[in-house]
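Working notes, structure below.
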Amino acid sequence: MTDRYERIRQIAYFVWLDAGSPEGEAERHWLEAEGLIEPDPVEGKTIEGGASDGSKKPLPSLTETADSD
């Protein structure tokens, strides 16, 4: 399993617990967990966090960073 998959699985579990552990809503909880982590602009994967100021802005790509030097 990938780190991303494992992190989504963990978050989905806590979303499920927070919802009162209902049966038959695993996909909804999974999608909610996916929405809580942000896309990685470099590889199209997801990572937690975002900008260092706590906002959910995407991180710059490697080419954007290299061009600004």
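Can you find a residue in region 5-17 that is of a type in the set (Val, Ile, Thr), in contact with a Ser or Thr (Cβ under 9 Å, 6 or more places away or on another chain) and either modelled with pLDDT of 85 or more or in a helix (DSSP H, G or I) (or both)?
Yes; the residues of region 5-17 include at least one that is of a type in the set (Val, Ile, Thr), in contact with a Ser or Thr (Cβ under 9 Å, 6 or more places away or on another chain) and either modelled with pLDDT of 85 or more or in a helix (DSSP H, G or I) (or both).
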I need a count of the residues in region 18-32 that are on the phi < 0 side of the Ramachandran plot and either of a type in the set (Gly, Ala, Ser) or not in a helix (DSSP H, G or I) (or both).
5
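The values are calculated or read from the model by the stated rules, or taken from the named source; none is laboratory data. This is a predicted model, so every value here is computed, not measured. Using ideal geometry, Cβ is built from the backbone for each residue, glycine included, and neighbour counts are taken over all protein chains shown.
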